[in-house]
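Step one of this worksheet: look at the structure below.
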Amino acid sequence: MGGILVRKVERSLLLSDIHETARRLSPFCKVLTVEGEEIKREIRNLSSSLFPPEDLVLVLVDPRKETLKEIESSLYDLSKKIWIIICETEHSDKVAKKGYLGEERERRLKKKVLSFLKGFGKTMTDKAFNLFARNVTDDAFVENELLKLVNYVGEREQIRSKDVEEITIRTEEATLFSLFEIIKETDKRKILKVLNNLFDCGFHPLLINTYLERLVRLLIQSKEFVDLLESYYSEGSFVRKFSDLKNLFPFVPGEKKNYFPYLAPRYALSITNCAKRISLSRLKEFFKSLSEYDFLIKTGTKFERTRLEMIVLRIMDA
């Protein structure tokens, strides 16, 4: 079984997002990533194969509108056999975003939603569907979110926009990066909702903890550069100054994503703004709690979900 997922992701986070999404589709999958002219060639090769590898996840990065139209038939035939992830970054063809791809997905999504709800004797208003389509951008979550809505409305036949707003959560927020965004908002109710959604989507607490450890390290590192950057309030001036920071490094690190000066400038600006409201001592305390949790979960502990929730909530009080 396969399908097509559409992901919108920052270029700097592309690799991690691809592997996180692929693991949710198939824990032991092989990922093949292609872009540009390679897209058409790879689609042709796989389509001509009678039995493409079932564990393959094909990732198309920033396909152009013309390319999607040309491979339309082969793309959907192939999606019946393997999973295909279409990743749109900030460098994507904007025409493709707003054109064929979006319209085709909306048609398929509406058919799927109506068919699923009919089996439970439910209907959905147009306003509710439009909100649902905006929130649930990953097809892997559609049935799970619909089932939550069915249970939420109970005996009521019609699902309304208010129900969708209350129950569903944007699936782009069902990524590890969303934790950072919610931490910035200091909304405890929302952080618990995001964590619960991550757990429901199969994210192991250890994976979430590892991401948080890396995030806190970056927040601590940003504090070390505050004297160099704090006077640059506009995004443009910050980006220009930030680009010079990597020249201070005596070497090029192997894992650039773990070092603040090598982040994408706009992500670094978000990190810097978030770090401003949390004291250095509080960040170090948070990192210590995450490290202790890492040890506990690897050596065996009960209530691993609850423990992680408590650690994250503590940083919200900073």
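Bear in mind these aren't lab numbers, they're just calculated from the coordinates by the rules spelled out. Source: prediction; values computed, not measured. Cβ placement follows ideal geometry from the backbone for every residue including glycine, while neighbour counts extend to all protein chains displayed.
3J(HN,Hα) couplings calculated from phi for segment 210-223 with the Karplus curve 6.51 cos²θ - 1.76 cosθ + 1.60 (θ = phi - 60°) are, in sequence order, 4, 4, 5, 4, 5, 4, 5, 4, 5, 4, 5, 4, 4, 4 Hz; Gly and Pro show x. With a Förster radius of 22 Å, plug the Cβ-Cβ distance of Glu72 and Lys148 into 1/(1 + (r/R0)^6) and report the FRET value to the nearest 0.05. Between Glu72 and Lys148 the formula returns 0.10.
In terms of its C-alpha gyration tensor, segment 3-93 has an oblate overall shape, because the principal axis ratio a/c (a ≥ b ≥ c, square roots of the eigenvalues) is not below 1.5 and a/b does not outweigh b/c.
Computed packing ranks the peptides 66-74, 80-88 as 80-88, 66-74, most packed first, by mean other Cβ atoms within 10 Å. Lys284: which lysines have alpha carbons under 22 Å from its alpha carbon, excluding same-chain residues fewer than 8 sequence positions away? Output for Lys284: Lys184, Lys188, Lys223, Lys256, Lys257, Lys276, Lys298. Remark: Glu42, Glu165 ranked as Glu165, Glu42, counting other beta-carbon atoms within 10 Å and listing the fewest first.
Cross-link pairs exceeding 22 Å between alpha carbons, from the set Lys8/Lys288; Lys30/Lys69; Lys40/Lys81: Lys8/Lys288; Lys30/Lys69.
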